[in-house]
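Participant: Below you will find the structure I want to go over with you.
The values are calculated or read from the model by the stated rules, or taken from the named source; none is laboratory data. This is a predicted model, so every value here is computed, not measured. Glycine gets a Cβ as well: all are built from the backbone with ideal geometry, and neighbour counts include every protein chain shown. Calculation scope for accessible area: heavy atoms of the full protein, side chains included, ligands and nucleic acids excluded. Shrake-Rupley method; radii C 1.70, N 1.55, O 1.52, S 1.80 Å.
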Amino acid sequence: MAKAVKIFVSATSSDLRTLRSQVKLWLLDMGWLPVVQDHFPPDDKSVFEMLRKRVRECDAVIHIVGDCYGAEPHEPPKGSPRSSFTQLEAVIARQMRKPLFLILLDETFPYDPHEPEAADLRVLQQAYRLQVATGKQIYIVGKSPTQLEPELRKLRVEVDKLNKSRRLLSALTALPLLILLPTTIYFWHRQQTAQDQLDKTVERLTQIERKLDAAPNAAAASQVSVEAGSLLGNPDIGKISGSKLAASVRGVVDTLRKPAADPANFSGPVKQALIDAQAKIAELKLADAASILDSGLMRAPPVEAGQDKGRAALLAERARVARLQLRYPDAAGFYRKAASMVSADPSASRGYLLDAARALYAQGNEYGDNAALKDAIAVYQGALTATQRDRQPAEWSSIQDGLGLAQQRLGERESDTAHLEEALTAYSQALEVRTRESAPSDWATTQNHLGNALLRLGERESDTTRLEGAVEAYDQALKVRTPTGAPVEWAALQNNLGYAQRLLGERETGTERLEASVAAFNQALTVRTRQWAPLEWAMTENNLVLSLERLGEREAGTARLEAAVAAFNQALEEDTRERVPLEWADAQNNLGLAFQALGEREAGTARLDQAVAAFTEALKEKTRDRVPLDWAETQNNLGNALRTLGERETGTARLEAAVAAYNEALKEYTPDNTPLDWAMTQDDLGNALRTLAEREDGTVRVDAAIAAYNEALKVRTHEQLPLEWAQTIGDRGIALMLVAKRKGDVEAARDAVKQIEIAYTTVQGSGDAPDAAYYKAHLPEARALLDELKKKP
């Protein structure tokens, strides 16, 4: 009597108890014996031994990946990443060479009701789901039990086939070594060995990524970069900043898991080269892999021009080697050659060209190479002309989304907004095809991209329409991205939403938007913890505290501002200058803003001096060449702190320095590209010049101040920005008082009274009590001056 086939069923209990029971019934109906482990010993060692024993006794393992992470050991096995017991069951199956069948359940699968897991466990499970989805091993997609049953029953053929192969391999290995394995068995064995090696390589890369995330200083990050460069065979990797390099290494892992071609689709030298090269790639012996592929290209048999799929596959695999080394321009070159090899097949050729565009985008994004971004844009645009929206909607929308990303990244680095506008068009085109109903995940991705482009444009405009659009786009994406289904993406969206809400809140007198911003950042921090995502935590914490600082500016007390200072200093423990220089500069800039807000409420100058010091530190990394608009913003902030200090001192040195800082900012702020910021700086410049004029004779300085106010009013109009318009009108009125005094000009005095009255009435009506009190205090002096000048002959 034949021995019954045993199948180990691996699944978490909390969310999949019902499905697991159903799978057991299906397996029994198929004549197989299901094995499920429900009860675990109290200590980890006994659990590991028990799981190994159970898996060893079985012929195959069905591993079901659902919503929950499940229970985990107190300590992960030595040399292994943190994993749940359920995940370890799959690891054990691979170690024992058991046939392993993966089932990845959709986010919409009808899971059993269960308590939500902790945030860190949700992040780990989401990462594991992504690992399965992008891994080399084929998996079954499960959207419902009804859809899953027929797919599961198909495994009968696969289990019988794999068991026969295993028995044959065992018999052959028992023969003398002089007997050669049949080619098919050799290939199968070679690929199985490569898969085992791949798991070890991924762990090595993951350790490097963790080291980069945890590097405390430049020396440590540089050392890890050297290690990464040595491992990948590219010493230029050190040119990528530490924070981006960690993301690059994650990209290497993804690329490592996705071969460019399946050897089973080819024969002869092409098949041999692909199998041997992929085995070397799994070990990260990339130079050897490149040599094998180059040799395979020379040995491949001739094929009619434009139809050489074999050489195209070898070139694509050669491009993958270059991508693994982060040599993106080389990768793009190989992809383009692959496209030319299959020019007779438009779909295949276009696919390779799009791979080239993605490699060029990576070069532009990670290495700061704007020329590569322009090249990527050209490739995407060429692909669009060869793709029909009606016949190939999914591919067409994907190209539009990729085109938008390249245009947006380039536009973010330019003072001109043309590429950002083009990105908006590309995303909008993509969303006409990528609907929530037909492709919810892709739809949410493009909604997020659209929100980012609108946000960047909204930062540069006085009108708030773009920022409102960004909030709407993020809200739409959050209808699909959930904290349980996609926690990492959900947290990123919450962070983006909080940033957009804060920008809107800064332009309104109320606090509703700012409170919404705080709520969004707090949501993001439930996933972006300091332990699991230190750099993302620091960025979001920085954003949160900046929103709290803005709220503190509008409150009478200083509690929020003091909390902001403490939090910024805490963020700087992670955002060190050596580790992430631009993020460190952001934190220094924001710390300066908090010090300045506190200093404006105190009689002394200590806090203001600290603000100046913080802004000065930020400018060491926020240089004009590197980040021109950020540099201009920090110059403006420095000018404000210096001006406030100058107003409290008798000398003019601080005020002169403030004027210089404002003029520096105006080298990048222009009325065409950043009208709102340009007008704000013109108004600030006017105030500094006016204060200097009060301490000097003549009207040169005050005339310059009035000219600056007039420039600001070209943007700060009554229709578009009534509150800012009123503030600049009032400031100009106060300057006109000085003109009237020194020139005995009745008309200037009359204009001064009128303009200060307008400012007072407008800001009082808006609820801006501090500014209303300021202009109200100047009215008696202005009126008295007018009366005095009227009496003079």
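Participant: Among the numbered conditions (1) at pLDDT 80 or above; (2) under 20 Å from Tyr499 (Cα atoms); (3) open to solvent by 20 Å² or more (accessible area, probe 1.4 Å), tell me where Gln610 comes up short.
Facilitator: Checking Gln610 against (1) at pLDDT 80 or above; (2) under 20 Å from Tyr499 (Cα atoms); (3) open to solvent by 20 Å² or more (accessible area, probe 1.4 Å), the one that fails is (2).
Participant: Looking only at the range 55-80, count every residue that is farther than 29 Å from Lys143 by Cβ and either within 28 Å of the chain's Cα centre (by Cα) or open to solvent by 50 Å² or more (accessible area, probe 1.4 Å) (or both) and tell me the total.
Facilitator: Residues flagged as farther than 29 Å from Lys143 by Cβ and either within 28 Å of the chain's Cα centre (by Cα) or open to solvent by 50 Å² or more (accessible area, probe 1.4 Å) (or both) within the range 55-80 amount to 8.
Participant: Give all pairs with beta carbons closer than 9 Å in which a residue from the range 683-700 that is at negative phi meets a residue that is part of a loop (DSSP other than H, G, I, E, B) and buried (at least 23 other Cβ atoms within 10 Å of the Cβ); count only pairs at least 6 apart in sequence or on separate chains.
Facilitator: Asp683/Arg716
Participant: Where residues in the range 131-148 are surrounded by fewer than 15 Cβ atoms within 10 Å (Cβ to Cβ) and part of a helix (DSSP H, G or I), which of them is modelled with the lowest pLDDT?
Facilitator: By that ranking, first place goes to Thr134.
Participant: Something else now. When only residues in the range 95-118 that are open to solvent by 60 Å² or more (accessible area, probe 1.4 Å) and at pLDDT 85 or above count, which is nearest to Lys53 (Cα to Cα)?
Facilitator: Quick first cut of the range 95-118, residues open to solvent by 60 Å² or more (accessible area, probe 1.4 Å) only: 95, 97, 107-108, 110, 113-116.
Right, trim to at pLDDT 85 or above and you get 95, 110, 113-116.
Working: Gln95: 13, Pro110: 32, Pro113: 31, His114: 29, Glu115: 31, Pro116: 31 Å.
Top of the filtered list is Gln95.
Participant: Name the residue that is nearest to Thr670 (Cα to Cα), counting only residues in the range 419-464 that are open to solvent by less than 20 Å² (accessible area, probe 1.4 Å) and in contact with a Phe, Trp or Tyr (Cβ under 6 Å, 6 or more places away or on another chain).
Facilitator: The qualifying residue nearest to Thr670 (Cα to Cα) is Gly451.
Participant: Take the range 527-541 and flag every residue that is out of contact with any Lys or Arg (no Cβ under 6 Å at 6 or more places or on another chain) and open to solvent by 60 Å² or more (accessible area, probe 1.4 Å). Before the answer, list the steps.
Facilitator: Applying the first criterion (out of contact with any Lys or Arg (no Cβ under 6 Å at 6 or more places or on another chain)) to the range 527-541 yields 527-535, 538-539, 541.
Residues satisfying the conditions are Arg530, Gln531, Trp532, Met539.
Participant: Specify the residue that is most open to solvent (accessible area, probe 1.4 Å); the eligible residues are those in the range 662-699 that are among the hydrophobic types (A, V, I, L, M, F, W, C), farther than 21 Å from Ser462 by Cβ and out of contact with any Ser or Thr (no Cβ under 9 Å at 6 or more places or on another chain).
Facilitator: Leu689
Participant: Could you list all residues from the range 51-80 that are at pLDDT below 85 and over 18 Å from Glu117 (Cβ atoms)?
Facilitator: Of everything in the range 51-80, those that are at pLDDT below 85 and over 18 Å from Glu117 (Cβ atoms) turn out to be Glu75, Pro77, Lys78, Gly79, Ser80.
Participant: Further question on the same structure: Across the range 81-94, which residue is most open to solvent (accessible area, probe 1.4 Å) among those that are closer than 18 Å to Gln126 by Cβ and touching a residue at least 60 places away in the same chain (Cβ under 8 Å)?
Facilitator: Ranking the candidates gives Pro81 first.
Participant: Only residues that are of a type in the set (A, V, I, L, M, F, W, C) and either open to solvent by 20 Å² or more (accessible area, probe 1.4 Å) or within 16 Å of Gly451 (Cβ to Cβ) (or both): list them for the range 495-520, please.
Facilitator: Residues satisfying the conditions are Leu497, Ala500, Leu503, Leu504, Ala516, Ala519, Ala520.
Participant: Report, by residue number, each residue of the range 544-570 that is modelled with pLDDT of 80 or more and outside any helix (DSSP H, G or I).
Facilitator: Thr558
Participant: Additional query: Out of curiosity, is Ala597 of a type in the set (Gly, Ala, Ser), outside any loop (DSSP other than H, G, I, E, B) and buried (at least 20 other Cβ atoms within 10 Å of the Cβ)?
Facilitator: So Ala597 passes the test.
Participant: Which condition number does Ala708 fail, the rest of (1) open to solvent by 10 Å² or more (accessible area, probe 1.4 Å); (2) closer than 20 Å to Val753 by Cα being met?
Facilitator: (1)
Participant: Select, from Glu656, Glu647, Glu633, the only residue that is without any contact (Cβ under 8 Å) to a residue 40 or more places away in the chain, open to solvent by 20 Å² or more (accessible area, probe 1.4 Å) and either outside any loop (DSSP other than H, G, I, E, B) or over 27 Å from Ser415 (Cα atoms) (or both).
Facilitator: From the options Glu656, Glu647, Glu633, the qualifying one is Glu656.
Participant: Next question, about the same structure. In the range 483-494, what residues are open to solvent by 10 Å² or more (accessible area, probe 1.4 Å) and within 17 Å of the chain's Cα centre (by Cα)?
Facilitator: Scanning the range 483-494 gives Pro483, Val488, Glu489, Trp490, Ala492, Gln494.
Participant: Identify the single condition in (1) at pLDDT below 95; (2) in a helix (DSSP H, G or I); (3) under 30 Å from His114 (Cα atoms); (4) not aliphatic (A, V, I, L, M) that Tyr474 does not satisfy, given that it satisfies every other one.
Facilitator: Tyr474 satisfies all of (1) at pLDDT below 95; (2) in a helix (DSSP H, G or I); (3) under 30 Å from His114 (Cα atoms); (4) not aliphatic (A, V, I, L, M) except (1).
Participant: Follow-up question, since we're still on this one. Which numbered condition trips up Glu541, out of (1) within 21 Å of His449 (Cα to Cα); (2) touching a helix residue (DSSP H, G or I) at 6+ places or on another chain (Cβ under 6 Å); (3) not in a loop (DSSP other than H, G, I, E, B)?
Facilitator: Tallying (1) within 21 Å of His449 (Cα to Cα); (2) touching a helix residue (DSSP H, G or I) at 6+ places or on another chain (Cβ under 6 Å); (3) not in a loop (DSSP other than H, G, I, E, B), Glu541 fails exactly one: (1).
Participant: Name the residue, out of Gly505, Gly469, Gly498, that is closer than 23 Å to Glu421 by Cβ and either at pLDDT 90 or above or of a type in the set (Ser, Thr, Tyr) (or both).
Facilitator: Gly469
Residues are listed down the side, and each one gets a yes or a no for (1) under 15 Å from Thr540 (Cα atoms); (2) of a type in the set (Val, Ile, Thr); (3) surrounded by fewer than 18 Cβ atoms within 10 Å (Cβ to Cβ); (4) over 22 Å from the mean Cα position of the chain (by Cα):
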| position | (1), (2), (3), (4) |
| --- | --- |
| Gly557 | no, no, yes, yes |
| Ala564 | yes, no, no, yes |
| Ala587 | yes, no, no, no |
| Asn590 | yes, no, no, no |
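Participant: Name the single residue, out of those in the range 297-335 being in a helix (DSSP H, G or I) and among the acidic types (Asp, Glu), that is most open to solvent (accessible area, probe 1.4 Å). So that I can check it myself, show each step before the final result.
Facilitator: Filtering the range 297-335 for residues in a helix (DSSP H, G or I) gives 297-299, 309-324, 328-335.
Imposing the further condition that a residue be among the acidic types (Asp, Glu) reduces the set to 317, 330.
Numbers: Glu317: 0, Asp330: 81 Å².
Of everything passing the filter in the range 297-335, Asp330 is most open to solvent (accessible area, probe 1.4 Å).
Participant: Kindly list the number of the only condition in (1) among the β-branched types (Val, Ile, Thr); (2) within 14 Å of the chain's Cα centre (by Cα); (3) open to solvent by less than 30 Å² (accessible area, probe 1.4 Å) that fails for Val471.
Facilitator: Only one criterion in (1) among the β-branched types (Val, Ile, Thr); (2) within 14 Å of the chain's Cα centre (by Cα); (3) open to solvent by less than 30 Å² (accessible area, probe 1.4 Å) is unmet by Val471, namely (2).
Participant: Given the options Ser415, Ser428, name the one that is hydroxyl-bearing (Ser, Thr, Tyr) and farther than 30 Å from Lys714 by Cα.
Facilitator: On the way: Ser415 fails: farther than 30 Å from Lys714 by Cα.
None of the others qualify; the one that does is Ser428.
Participant: Specify the residue that is surrounded by the most Cβ atoms within 10 Å (Cβ to Cβ); the eligible residues are those in the range 272-295 that are over 22 Å from Val202 (Cα atoms), of a type outside the set (A, V, I, L, M) and modelled with pLDDT of 90 or more.
Facilitator: Ranking the candidates gives Ser295 first.
Participant: Could I ask something else about it? Check Glu617, Glu621, Glu602, Glu573 and return the single one that is modelled with pLDDT of 80 or more and in a helix (DSSP H, G or I). Full working, then the answer.
Facilitator: Values: Glu621 fails: in a helix (DSSP H, G or I); Glu602 fails: in a helix (DSSP H, G or I); Glu573 fails: modelled with pLDDT of 80 or more.
That would be Glu617, the only listed residue that is modelled with pLDDT of 80 or more and in a helix (DSSP H, G or I).
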